[in-house]
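Engineer: Quick one: this structure, given as C-alpha cells, is what I'll be asking you about.
The values are calculated or read from the model by the stated rules, or taken from the named source; none is laboratory data. Remember, predicted model here, so these are calculated numbers, not experimental data. Because the Cβ atoms are built from the backbone with ideal geometry, glycine has one as well, and the counts that use them run over all protein chains shown.
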Amino acid sequence: MKLPLMGVINLIHETEEMGSLTASRCLATVPFAGRYRLIDFVLSSMVNSGVPRVAVFAHTKFRSLMDHLGSGGNWDLHRKQNGLFVLPPSMEDMTDFGKGDLYQFYRNRDYFARSGLEYVVVARSHMACNVDFAAILDQHREKGSDITVVCKKWPHAQTGLTRKVKLDAGGRVVEMQDHFGRLASDLVSMEMYIMRKDLLMDLVETSLAQGKDHLVRHAIVPRLSELNVDAYMHDGYLGVVNTIPSYYRHNMELLNPDVWNELFFRPGPIFTKVKDEPPTRYRSGSQAIHSLVANGCEIEGTVENSILFRGVKVRKGAVVRNSIVMQNGIIGENGRLENCILDKEVEIRPQQQLRGTSEMPFMALKRNVI
Amino acid sequence: MKLPLMGVINLIHETEEMGSLTASRCLATVPFAGRYRLIDFVLSSMVNSGVPRVAVFAHTKFRSLMDHLGSGGNWDLHRKQNGLFVLPPSMEDMTDFGKGDLYQFYRNRDYFARSGLEYVVVARSHMACNVDFAAILDQHREKGSDITVVCKKWPHAQTGLTRKVKLDAGGRVVEMQDHFGRLASDLVSMEMYIMRKDLLMDLVETSLAQGKDHLVRHAIVPRLSELNVDAYMHDGYLGVVNTIPSYYRHNMELLNPDVWNELFFRPGPIFTKVKDEPPTRYRSGSQAIHSLVANGCEIEGTVENSILFRGVKVRKGAVVRNSIVMQNGIIGENGRLENCILDKEVEIRPQQQLRGTSEMPFMALKRNVI
Amino acid sequence: MSRNECIAMLLAGGEGRRLGVLTKDLAKPAVHFGGKYRIIDFTLSNCVNSGIETVGVLTQYQPLVLNQYLGIGSPWGLDRREGGMHVLPPYVRQKGGVWYKGTANAIYQNIGFIERYEPEYVLIISGDHIYKMDYSLMLEQHKRNHADATIAVITVPWADASRFGILSVDEEGRVVEFAEKPKQPKSNLASMGVYIFSWRVLKEALIADEATSPSSHDFGKDIIPKLLADQSRLYSYRFDGYWKDVGTIESLWEANMDLLEEEPSLDLYDRDWRIYSVNPNRPAQYLSPEATVLSSMINEGSVVEGHVNRSVLFHGVKVGEGSVIEDSVIMPGAIIGRGAKVVRAIVGEGAVVGEGCQVGSAASEEIAVVGSGDVVKLEKPLEEANPI
Amino acid sequence: MSRNECIAMLLAGGEGRRLGVLTKDLAKPAVHFGGKYRIIDFTLSNCVNSGIETVGVLTQYQPLVLNQYLGIGSPWGLDRREGGMHVLPPYVRQKGGVWYKGTANAIYQNIGFIERYEPEYVLIISGDHIYKMDYSLMLEQHKRNHADATIAVITVPWADASRFGILSVDEEGRVVEFAEKPKQPKSNLASMGVYIFSWRVLKEALIADEATSPSSHDFGKDIIPKLLADQSRLYSYRFDGYWKDVGTIESLWEANMDLLEEEPSLDLYDRDWRIYSVNPNRPAQYLSPEATVLSSMINEGSVVEGHVNRSVLFHGVKVGEGSVIEDSVIMPGAIIGRGAKVVRAIVGEGAVVGEGCQVGSAASEEIAVVGSGDVVKLEKPLEEANPI
C-alpha cells in the first residue's frame, strides 16, 4: 500500500566519530553487517512501509553514495512517478556547505511542493533498524500529533551518540537534548520525525527568517511546548552506529540469531545493491563458527565471532577472531587477527598478527597491505 | 562492436559565456534542439561507436546532470561491466574546485587502472555533433599517432569559443591556441583527444609533478613537438555551443533539413532521457512553418522559424517567430515573440510583446512570468 | 510473494481479424493508435494510475511484437520487484500443451499465477479497448456492494445495443438480466468487458465452467450468465467517459479522428492520468517552410513538407513536398511521396505511398488501407507521367 | 534493427523428465545448481562474456518460473536497447497455433525473429548444460575454416560414447561421419549440442527439413546428418573444459559435488568470467557457535546450526541444531530440522526435513530426493519419540 508519506534521509549535520571508516565515504555508506551500507536499513524500511518518494540530502563525500544508490532499482524505487532522488548541495555556492539543513529544505522547496503527498518523515542514515513507518503514521494521525518522534528505550550505557528524550505521562515529548547534554533519561530519539509537509515547510521558512538553520535544534526543540510532539516507541532492534565502538558492537550483536532475524526480516527484508558473487566456499580444514559470512568468500582457516564481507579470503592456518573484515580482504597463511576492523581490500601478510580490543579495535585503512 | 576505448566527458574548465542559461545548470545540461541536453550528442556518439565505458567528470551545478543521466539506461549504458560513471569532485576537500582537470584524472587513477581498455578519448559536452569514434581510433592506430585531435574546418567567423589548430602538410598538429589567441587558422579543435591510457596517465603524473594542472594547456600543447599529435578531420555538422549567439545560431541551423538529418541520424541516432509526452497537437487556426517542434505541444497560434521544446503552448493569436521556447513554456493569447530565448516554464502573458535580435536574443529566466 | 488486494488479468490474445492487413503479424492490442501509442497502453496505464501494480498479460496470437513491446513493463512503471507485469503465454505441462480456448479458460489456466498473490479481487480487462478509467473507484463500489462480481457498463445508442453484451439492472444497479448480443435489447447498458470479481467466487466459477461441456469458456457467454443464474451478487458500475472498441478499420479510424475534436472526450494531455508508452527516440518533428498543418496530431521524428489536415501522424513519418493528407492516420515510419494524396485512409507502419499516388477519397464511404510495409506506386514514375 | 554478426538461439523448452520431482513445475533450464544459480545462467553468462548480446530463448514446457526468472535479461546485462534477450514461446499465427515439434522446428518457427537481426552466423545452444565456454573463439575458428557449420565436441570416456552424438573427424577437424548414440562408436568425440551455423546454410536446411516427412525435426537426428550427406563443410571445435549435461538426478548431484573438489575444474570464482544470476536479497549467512562446515558451499541467507560436510547449500536454507548434512545438495529455502540427517541426497526448494528424520544414506547407491515443497516427518514428533 502506498502511504501519503514522503521520506527524507538527511545526511547534513551527521554526528559521527568514525575515524578512518568515514575518511573517504559518508556515514550513510559505511559498510555494515557483511553486505550492507548503513543507509540500506532506513531506506528499506521506507520502501517496505510503502513510502513512495524518498529524497537523500547528500552533503559531502557522496560519490560512494551515488554509486551505491544508482537509480534506486535495488530498492524498487525506479519509478515513473515518485521514486528516489539524491539531492546534493548546490555546488555553485560553496558557502552552502557550511549552512544548516534548513537551507537544504528551503532550496528544495519545489521538490516538496511538486509532490502531492501530505506527510514527510525526516530520518537519518545511521540507525540500524527495521521500522514500520505505516504504524508510525497511523499513531501520528490517531493521536493528532503535530510531530511524532520515533524513540527507543535505551536503559544501558551506550556506545553511540544519541539525542535523549523525556516524555510526560501521556507520551508527549517535554524535553530533548543533544548527546552531550546532561538530561537523565533512558529514552533516545531515533532521529525520525514525522509531520505534515506544510508544517515542515512552515518551520523551515519561519526558522530561517529568524536566522536559525538547524531543523531539530532550532525548529523543533524550542517548540516542544507550543507543538504537540509525541513519541512513537520502537520495539525492534536498534543499533546507533556513529562511533567506532558502536560500529564494532552493533556488528557483533548480529551474531545473536534473534537480532539477525529481527533486523533483517521483520517487518520486511533489507535491500542493498546486488553484486554477482558466487556462494561462499569452505574448504577442508576450515573452521568457521559463530560468524556472519557474506558471499564469495573462501575459507581455509579459522573464523570465530567475526563478520566477513563479500569476497574475503582466509588462507590456511589463518585465524580471524572477534573481527570485522570488509570486502575482498585477504588474510594470508597463518595470519592472526583479533579485535580488528579491516576496511575494504586490505591484505594481511602471511604470519602477520594484529590485535586490538573490543573498545578500541585495530583499524586497517582501505587497500592497505599490512 | 565494442571498442577498446573508454570515454571521458570532461566538464572541468568549461569555457562558456551562456549567461542565464547556465545560472542553475552546467553547460552539459543546457537544453538544445527541442528535446535534448548538450551532453546527449557526444554521449550518444560514444555509445553508437561502441565505447563501452564512459566517465563524466562533473564539476559544479551538476544536479540537473545527475537527474538527466540517471543510471545511463537511456543511452544503453546500464551495464554489468563498464557503463556510465558520473564522477563529481570529492567534497571533502573544497580546494578541489579550484584545481585543474589533471587533478581529477589523478584522483580517479583507480577508475582508469581498473579498466582493461587500452585507449581513452577525452571530450567535452558542448559540441553538437555526431561523431564516429571507431573511425577516429582506426586512424589513430593506422597513423601510429600518440594523440589524435578531432578537428573541423571552420572557414567563417564563428560565434562559439574554440581552440584553433595549425597542421603541417602531413596532418600533424604543430600549433594550438586558446580561443583568445591570435593564431590565424581555419581549423578548430573539437576538444576530443584520443590517446593510449598509459600515455594519458603518464601526462597526468608528469604534469602534476611539474606543478601543472590543465590537460590541454599544460600537458598537450607544450608537447606538440615531442609527441606525434595528429588531426582527424570531422566531415559532419558541428555546432560549438558555449555563447548565447552560438546557442541561438546552432539551434536555428537545425531548421535546415540537411543539418537535421546529419546531426540526428548520421552515423547514429542521438539518445536522450525519455519523457511520457503525447504527440503535438495542432488546432484549427494554427499556422506552423519552418520550425522544430517537440512532443506534447499545443499550437493554436502562429509559429515560424522557431524551436519549441516539449509541452509548449502557443495560444490563439499568439505569434512565435525566430525564437526558442523551452519546456512547458506558455505564450498567452495574442502574445508576440521575436528573437527570444525562453528558459524552461516561462509564461508570457496575453498581449505581451517581446523582441530581441539574432545577435542578442531576449532572454527569459526559468519559471518567470512576463 | 506478497499479498495484493487486487490484481489485474489483461486479455491480450486477440487476433483482431477485422483489422485485416493491420494485424497480419500483430496481435490486436499491439495495433498503433493516437500518434504514439499502442492500444494496450491504455489499459496498462489505467492499471498503474489506479494503483494496481500486479498485471498478468495473457497472450496467444502473434505475440512477438507485443512481447518485445511489453518487455518487463518498464515503460508503464510495472517492472516491480514484487508483482509488476508478467506475460503469460499458453504452455506445455506434464500432460501436454493446451492453447487458450476462450477468455475464461485463459484465466482458468493461470489460476496458479493468480494464487501466488493471494488476491481478494481480480480485475479482468481486455487489451482491445481505448479508454481512461480509474479502476480503484470501481473496486470501492464493488466492496461497498459486497458484490461477487461488478461489471463496468456504458450507455450505448439503442441502435448499436445488439452488438454488445446488454445488462438490465435494478434501481440499486444490481444486474437482473444479461444478454450477449441480443436481437431485441431490453436496455442500452452495454458491458465494457471490464469485470471485478471476488476471487473466491471467480475461482469456483472457472473450475465449474471448465468441467461444463459444451461451453465456449467465455466470460460474456458462460461465466456471467451462470453466476446470474446462481443468484450471485452481480452489480453494474456506470462509466460515462470515452470508451471505444477499436475492432474494425472503421472504428480504429474513428477513434483516431475523435482525438482531433476541439475538446476531445479522450484527453491525452492530462498530466494527472498520463498514458504511458514505449517512447521512440526521435528528434523533434520538422515542419518545412512550405508545410501547413491544421487540426492534427503529429509525433516526434516526423518531417512534414506537405499539407496535413485533420490527420494523425505517428513517429518518423515523412510527408513529401506538395502532398496532401486529409482525414487520415499515418502509422510509424510511413513515407508519403511528393505530390501524393492521402484522404480518408490508414497507412500502415513503414508503408510507402509513392510520388503522385492517391490513396482513398473524400467521396468514399470506406476507409482506404495501405498494409504495413506495402508500397503503393504509379505505373510510371511521376516525372514521366507529368513532365515539367 | 541493427545488424548482428552472430546471434544465439538458446533452446530452453526441455522438460527434464529424468529429473522427476525437481522439474514437476519447472523447465529443466530453471533447475537450481551450484548453491546460487539456475542451469540456464551458465549459457546466458557464456553468451554475454563471449560478446554475444542478442539471444533468443525458446521456451515451451512450464515456462512460468523460467519467464519470471529471465525477465528482460537484466541480471545478465542482456536488457539492451537493440538485441538483448527475447523469450520466444510457441504462438498462434493466422493459420493456427503449432507447438515446437523438435529442436530444429523450434528454430524454424522463429526464422522471422532471426532475420530481423540479419546475422551472418547463428549459435545454437541449449539451456541444459553446465560449462564455461568462450563462443567467440569457436566463431573465429568457424570463420577461419569457411565452415557451413561447426560443432563443439568434447572427448568422453569410450564407455559413455554410445550415449552421445559421436563425430569422426579428419586431421583438419572436418567432420567425416556423425552418428547419434551409436551402439558401436567409432570415436569418443561427443557433440556438446553447441553449434555455429552460417545462417544462409542453416536457413536452407531448416526449410528443407520442414518439408521432409518423416522427420523428427531435430538438429542431431536430422539437420546434421543431412548437411553431412550434402557434403557441406562441417567442422568440429574441440573443447577441453568442464562440460556436463545435468539431465538426471545422479548427474545433477555429481555436478554439484564437482564444485567441492580442492581445485574444481569448473571455477565459479573467476572474476573475468563471472556467472551472472538473479541475486536473492538475503543477509550474510549465519553460522552458530555449534556449527561445523567443511568442504562445502553455502549461499546468502542460510542459517547453519548443525554440521555440514561436502555439501552445497542454496540461499535461505536452515540447518537445525545437531543435524548432519553430508554429500548433499539443499535447495533454496529448504529446512532441515534439529537432529535430522541428510546424506547423499538432494532436498528440493522449500522442502522440509523434519526433526530427527533421516534422508538418504551413505551406503545407498541411489541419490535420495525430497521434492520441492515436500515435507518429510517422523510418524511421531521427536519430542515424543525420544523424550529428553
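Engineer: Do we have A:P278 as buried (at least 19 other Cβ atoms within 10 Å of the Cβ), outside any helix (DSSP H, G or I) and within 14 Å of another protein chain (Cβ to nearest Cβ) here?
Structural biologist: Judged against the criteria, A:P278 is a match.
Engineer: Still on this structure, please answer the following. Name the residue that is farthest from the other protein chains (Cβ to nearest Cβ), counting only residues in the range D:31-53 that are in contact with a Ser or Thr (Cβ under 6 Å, 6 or more places away or on another chain) and closer than 27 Å to D:L260 by Cα.
Structural biologist: Among those that are in contact with a Ser or Thr (Cβ under 6 Å, 6 or more places away or on another chain) and closer than 27 Å to D:L260 by Cα, it is D:S50.
Engineer: Same structure, new question: Does C:V21 qualify as being assigned to a helix (DSSP H, G or I) and modelled with pLDDT of 85 or more?
Structural biologist: When the stated conditions are applied, C:V21 does not pass them.
Engineer: A follow-up question, please. Could you grab me the full set of residues in the range B:277-304 that are more than 14 Å from C:M297 (Cβ to Cβ) and in contact with a Cys (Cβ under 7 Å, 6 or more places away or on another chain)?
Structural biologist: Those that are more than 14 Å from C:M297 (Cβ to Cβ) and in contact with a Cys (Cβ under 7 Å, 6 or more places away or on another chain): none in the range B:277-304.
Engineer: Looking only at the range A:119-170, count every residue that is among the polar types (S, T, N, Q) and in contact with a Pro (Cβ under 9 Å, 6 or more places away or on another chain) and tell me the total.
Structural biologist: So the count comes out to 2.
Engineer: Further question on the same structure: Out of all the residues in the range B:310-329, which are under 18 Å from B:Q287 (Cβ atoms) and surrounded by fewer than 23 Cβ atoms within 10 Å (Cβ to Cβ)?
Structural biologist: B:K313, B:R315, B:K316, B:G317, B:V319, B:R321, B:N322
Engineer: Still on this structure: Of the conditions (1) crowded, with 18+ Cβ neighbours inside 10 Å; (2) modelled with pLDDT under 85; (3) more than 22 Å from B:F41 (Cα to Cα), B:Q104 satisfies every one except a single condition; which number is it?
Structural biologist: Here B:Q104 clears every test but (2).
Engineer: For A:G296, all conditions in the list (1) under 30 Å from A:V174 (Cβ atoms); (2) more than 18 Å from the chain's Cα centre (by Cα); (3) among the small types (G, A, S) hold save one; what is the number of the exception?
Structural biologist: Among (1) under 30 Å from A:V174 (Cβ atoms); (2) more than 18 Å from the chain's Cα centre (by Cα); (3) among the small types (G, A, S), A:G296 violates only (1).
Engineer: Within the range B:13-29, track down each residue that is at pLDDT 90 or above and either under 20 Å from B:N108 (Cα atoms) or touching a His at 6+ places or on another chain (Cβ under 8 Å) (or both).
Structural biologist: B:C26, B:L27, B:A28, B:T29
Engineer: Follow-up question, since we're still on this one. What single numbered condition from (1) among the aromatic types (F, W, Y); (2) modelled with pLDDT of 95 or more; (3) surrounded by fewer than 23 Cβ atoms within 10 Å (Cβ to Cβ) fails to hold for A:F97?
Structural biologist: (2)
For every residue, the table says whether it meets (1) more than 11 Å from every other protein chain (Cβ to nearest Cβ); (2) part of a loop (DSSP other than H, G, I, E, B); (3) over 26 Å from B:S291 (Cα atoms); (4) of a type in the set (D, E, K, R).
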| residue | (1), (2), (3), (4) |
| --- | --- |
| B:A28 | yes, no, no, no |
| B:G34 | no, yes, no, no |
| B:V47 | no, no, yes, no |
| B:H59 | no, yes, yes, no |
| B:D67 | no, no, yes, yes |
| B:S71 | no, yes, yes, no |
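Engineer: Okay, next question. I'd like to know if the range C:91-104 contains one or more residues that are more than 14 Å from chain A (Cβ to nearest Cβ), outside any loop (DSSP other than H, G, I, E, B), among the hydroxyl-bearing types (S, T, Y) and crowded, with 24+ Cβ neighbours inside 10 Å.
Structural biologist: Yes, the range C:91-104 contains a residue that is more than 14 Å from chain A (Cβ to nearest Cβ), outside any loop (DSSP other than H, G, I, E, B), among the hydroxyl-bearing types (S, T, Y) and crowded, with 24+ Cβ neighbours inside 10 Å.
Engineer: I'm told D:K28 meets every condition in (1) at pLDDT below 95; (2) within 14 Å of chain A (Cβ to nearest Cβ); (3) buried (at least 24 other Cβ atoms within 10 Å of the Cβ) except one. Can you identify the failing condition by its number?
Structural biologist: Every listed condition holds for D:K28 apart from (2).
Engineer: Given the conditions (1) closer than 23 Å to D:G13 by Cα; (2) within 14 Å of another protein chain (Cβ to nearest Cβ); (3) buried (at least 21 other Cβ atoms within 10 Å of the Cβ); (4) touching a helix residue (DSSP H, G or I) at 6+ places or on another chain (Cβ under 9 Å), which single one is not true for C:I107?
Structural biologist: (2)
Engineer: In the range A:246-274, what count of residues is obtained for those that are at the interface with chain D (Cβ under 10 Å from one of its Cβ atoms) and over 26 Å from A:R321 (Cα atoms)?
Structural biologist: 7
Engineer: Contact list please: Cβ distance under 6 Å, first residue in the range B:95-115 and over 20 Å from B:N82 (Cα atoms), second residue surrounded by fewer than 20 Cβ atoms within 10 Å (Cβ to Cβ) and modelled with pLDDT of 90 or more, pairs at least six apart or on different chains.
Structural biologist: From residues that are over 20 Å from B:N82 (Cα atoms), the pairs are B:G100/B:H214; B:L102/B:L208.
Engineer: Which of the residues spanning the range D:285-313 are within 7 Å of chain A (Cβ to nearest Cβ) and out of contact with any Ser or Thr (no Cβ under 8 Å at 6 or more places or on another chain)?
Structural biologist: Passing the criteria: D:S288, D:P289, D:A291, D:E300.
Engineer: Please find, within the range B:231-245, the residue that is farthest from the other protein chains (Cβ to nearest Cβ) out of those that are among the β-branched types (V, I, T) and not in a strand (DSSP E or B).
Structural biologist: B:I244
Engineer: On the basis of being farther than 19 Å from D:Y108 by Cβ, in the same structural domain as D:E254 (by the TED database) and buried (at least 18 other Cβ atoms within 10 Å of the Cβ), does D:S215 make the cut?
Structural biologist: no
Engineer: Would you be able to tell me the number of residues in the range C:268-284 that are at the interface with chain B (Cβ under 9 Å from one of its Cβ atoms) and modelled with pLDDT of 90 or more?
Structural biologist: Final tally of qualifying residues: 10.
Engineer: Pick from D:E115, D:E120: which is within 14 Å of chain B (Cβ to nearest Cβ), within 28 Å of D:R144 (Cβ to Cβ) and surrounded by fewer than 20 Cβ atoms within 10 Å (Cβ to Cβ)?
Structural biologist: D:E120
Engineer: Of the numbered conditions (1) within 30 Å of A:Y111 (Cα to Cα); (2) touching a Leu at 6+ places or on another chain (Cβ under 7 Å), A:L227 fails exactly one; give the number of that condition.
Structural biologist: In the conditions (1) within 30 Å of A:Y111 (Cα to Cα); (2) touching a Leu at 6+ places or on another chain (Cβ under 7 Å), A:L227 misses (2) alone.
Engineer: How about the range D:46-92: which of its residues are over 21 Å from D:W273 (Cα atoms) and either among the acidic types (D, E) or not assigned by the TED database to the domain that holds D:V122 (or both)?
Structural biologist: Passing the criteria: only D:E82.
Engineer: Has the range B:282-304 got any residue that is in contact with a strand residue (DSSP E or B) (Cβ under 7 Å, 6 or more places away or on another chain), farther than 18 Å from C:A284 by Cα and aliphatic (A, V, I, L, M)?
Structural biologist: No, every residue in the range B:282-304 fails to be in contact with a strand residue (DSSP E or B) (Cβ under 7 Å, 6 or more places away or on another chain), farther than 18 Å from C:A284 by Cα and aliphatic (A, V, I, L, M).
Engineer: Can you name the number of the only condition in (1) outside any helix (DSSP H, G or I); (2) surrounded by 24 or more Cβ atoms within 10 Å (Cβ to Cβ) that C:R80 fails?
Structural biologist: (2)
Engineer: Would you check which residues across the range B:159-200 are among the acidic types (D, E), assigned to a loop (DSSP other than H, G, I, E, B) and crowded, with 17+ Cβ neighbours inside 10 Å and list them?
Structural biologist: none
Engineer: Another question, if that's okay. Every residue in the range A:287-325 that is in contact with a Gly (Cβ under 7 Å, 6 or more places away or on another chain), more than 18 Å from A:Q352 (Cβ to Cβ) and either in a loop (DSSP other than H, G, I, E, B) or more than 10 Å from chain D (Cβ to nearest Cβ) (or both), please.
Structural biologist: Answer for the range A:287-325, where residues must be in contact with a Gly (Cβ under 7 Å, 6 or more places away or on another chain), more than 18 Å from A:Q352 (Cβ to Cβ) and either in a loop (DSSP other than H, G, I, E, B) or more than 10 Å from chain D (Cβ to nearest Cβ) (or both): A:A294, A:G296, A:C297, A:F309, A:R310, A:G311.
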